[in-house]
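**Student:** This is the structure I have questions about; it appears just below.
The values are calculated or read from the model by the stated rules, or taken from the named source; none is laboratory data. As the structure is a computational prediction, the values presented were derived from the model and not from experiment. As a convention, Cβ positions derive from the backbone with ideal geometry for all residues, glycine included, and neighbour counts pool all protein chains shown.
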Amino acid sequence: MRKTIIIGTVVVIAIAAGALFFVLRGGSSPAGGGGTTGTLPPVATGTAPFTPPTGATLTIGTPEGGVVMNNFYNTTRQVSADHTAILIEQTSTYNITYYAPDSSFNILIEAAPFETVRAEAEQAFLQALGISQADACKLNVKVGTTIDVDPDYAGVNLGLSFCAAGAFQPQ
């Protein structure tokens, strides 16, 4: 039974990773520039062109209040064609993305030793956004890995290691 769950989890992660790769592969870099501080616009459902925030900071709303952070659109590595997935940071051992439809951040650990790479990725996340651990714990952040890296953690949302009770819990 456990083996079936693990295999199913790996299949779901592989499909999700493939979908993210496909979406990001067709993306383009956003235009940089100045501007004023702002909040993320709602996800566009019409035909209006997407205009990313251009100020130095942006605010993401949470149940515990807004979190002001560095505007990662100004330094992003890649944006999906539909502007829903933003690759914030990518190394050979982890990647950090923002997913606009549910305002979530995703940290994928892609190398061992898991705990060491997780700590590095979490520090890079805090630095990229310019936020504290307390503010990070207010955000919807998913931390995970694949079965190749750590079979015990594969397919599990581990949350940020420094947050109480593991991490943000969706409502």
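**Student:** With the condition being more than 14 Å from the chain's Cα centre (by Cα) and not polar (S, T, N, Q), I'd like the strands (runs of 3 or more DSSP E) fully within the range 55-142 carrying at least 2 qualifying residues.
**Tutor:** Because the criterion is at least 2 residues that are more than 14 Å from the chain's Cα centre (by Cα) and not polar (S, T, N, Q), the strands (runs of 3 or more DSSP E) in the range 55-142 that meet it are 67-70.
**Student:** Also, I was wondering about something else. Going through THR57, THR62 one at a time, which residue ends up being at pLDDT 85 or above and touching a strand residue (DSSP E or B) at 6+ places or on another chain (Cβ under 6 Å)?
**Tutor:** Matching residue, one of THR57, THR62: THR57.
**Student:** Give me a count of the residues in the range 128-147 that are closer than 23 Å to THR57 by Cβ and of a type in the set (Ser, Thr, Tyr).
**Tutor:** So the answer is 1.
**Student:** Here's something else I'd like to know. Return the residues of the range 129-153 that are small (Gly, Ala, Ser) and buried (at least 18 other Cβ atoms within 10 Å of the Cβ); say none if nothing qualifies.
**Tutor:** ALA136, GLY144
**Student:** Then there's this: When you go through ALA167, ALA136, ALA112, ALA119 one by one, which is the residue that is touching a Lys or Arg at 6+ places or on another chain (Cβ under 9 Å) and either at pLDDT 95 or above or not polar (S, T, N, Q) (or both)?
**Tutor:** ALA167
**Student:** Conditions first: (1) modelled with pLDDT of 95 or more; (2) surrounded by fewer than 20 Cβ atoms within 10 Å (Cβ to Cβ). TYR94 passes all but one, so which condition is the exception?
**Tutor:** The number of the failed condition is (2).
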